[in-house]
Amino acid sequence: MRSKVLVFGGLGQPGRSVVGLYQDLLDTLSVHFDIIAIDPALYSDVEKFDFPYVQSFSSLSEYLKTHSNAKVSAAFILTPVGSHLTIIRDLSSAISIDDLLFVVEKPSFSLNEIEEGFGLIVPSLKNRGARFYFIDTALVTPAMQALLHPGLLTDRGLPHKIVAIATDNPVEIAPELDEFCFGNRIQALNERKLLSPSVSGGAGFGFDMGIHAAAGLVRYLQKSGLLKSKLEIKGVVAERVQHPQLEFEEGAETHLYANALLLHERTSIELVIEGGKAGDIWDRRLELHYDDGVIAVGFGTLKHPPYLWVSNSGVQTFDLSGAGYRMHFNDILHALGLDKPSILSCEESEELMTNSMVLLNRLFEAVGQNSKHRETNVRRVLQHKPQFLTRSELMVRAELQQTLDQIRHKPAYN
């Protein structure tokens, strides 16, 4: 009998859930494993992800009625973040988890579960033989690999400022991308309940998108030997854009901005982190500001390929055949014993996402300890505008937008 791969959230809703991005990986895995979906959407009327699962169940308990002794090689946690830790707990208490690979989508855990998840649950389950691989495409973008190639940064030293951005669904967008503008995405966003902290992990769009910015920043800091440097938070701004059709709960933000100092030996590096929706741009990137220019590392979006931009030198885009989720997929296949090259080990993905989630949690704690406290500090705005940027940095933002307009016609990954 073949081993099982469980996909929690495996039915999803095409176009509105992350599971569709896993099509290629599931196709490959289905050659070697029985792929089983576990999703309460099984008996609902919503459109479902059309994948030929061997079986589908509405809950873990239903699956266990007939498969309690089956060997499970991997469990994909693709559900809303508020359920991640509960699923991991429930599964690990019901079956043998020796050598079981948990694949956890971003954000890894709810804000109030980060310490318990990474500090207690994950280590205890690893002691029982479980393995964990944490997903965020900002960790494996080919543009970052190119940035870190010997030569590009050798003579520049450290930047004096780093700007990490992850935003989408801007208010204004090119006509051919109109389906992605904020006004046309509100219904889908309401259905995903990303502004319902009880479902979305304790916060709103700033959390859902900000983790990409944090992960890309942490990956750069790790590769640059800066990850252990002291971080001093200077200011955090949480905003909620006002829109009559937008559904939200107490404490939810639509944009998060943060300003901090990274203290390294005898120098300091200013940091700006921005995450959210309904802003002025659509990009996921890291900007490294030097005295003599700027380097931008684009992680890629649905309509923009990963890119490396050097001021006064132009832009380099990257072949998508091995980018983003595809790079994660190779790591996962490698971890499951299949012959694929690996970029991140399970341990590296855990270290990077632990640091990313802890960083993001610190920013939200600066706004308030929980949703109720944050509500009093969330600014109500009619329009999101960039924070903590100088005039020259805003000019770089505008120049990069022109670059994005030029490269957006090329296909990309999410």
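Before moving on, here are some points about what is shown:
- Inter-label distance, nm, simple model (7 Å from Cα along the C-beta direction), LEU177/VAL18: 2.2
- Förster-model FRET efficiency, 51 Å R0, ASN312 and GLN55, C-beta, rounded to 0.05: 0.35
- The chain - share of DSSP beta bridges that are antiparallel (%, nearest 5): 55
- 0 to 90° range, to nearest 10: angle between helix 325-335 axis and the chain longest Cα axis: 50
- Qualifying chymotrypsin sites (Phe, Trp or Tyr not before Pro) in the stretch 68-128, where qualification requires a DSSP coil assignment and no more than 12 other C-beta atoms within 10 Å, are lacking entirely.
- The listed peptides 355-368, 332-345, ordered by packing as a protection proxy, come out as 355-368, 332-345 (highest mean of other Cβ atoms within 10 Å first).
- Spin-label model distance (nm) - HIS149 vs VAL381, 7 Å beyond Cα toward Cβ: 3.7
- Whole-number percent relative contact order across the chain, with pairs defined as alpha carbons under 8 Å at least 6 apart: 17
- Basic side chains Lys and Arg get +1 at the Cβ, acidic Asp and Glu get -1 at the Cβ, and with that the dipole of the stretch 82-159 about its Cα centre reaches some 140 debye.
- Lysine pair count for the stretch 138-407 with Cα-Cα distance under 18 Å and sequence separation of 8 or more or different chains is 8.
- Segments 141-154, 246-259 sorted - mean Cβ within 10 Å per residue, highest first: 246-259, 141-154
- Added length on full extension, which subtracts the Cα-Cα distance from 0.36 nm per residue, GLU191 to ARG156: 8.0 nm
- Overall form of the stretch 138-407: rounded. Here a/c, set by the Cα gyration tensor axes a ≥ b ≥ c, is under 1.5.
- Loop trypsin sites (Lys or Arg not before Pro), the stretch 140-239 (other Cβ atoms within 10 Å of the site Cβ: 11 or fewer; DSSP): LYS228
Readers should treat all values here as calculations from the given coordinates under stated rules, not as data from a laboratory. Source: prediction; values computed, not measured. Methodologically, a virtual Cβ is constructed for each residue, glycine included, from the backbone with ideal geometry; neighbour enumeration extends over all protein chains shown.
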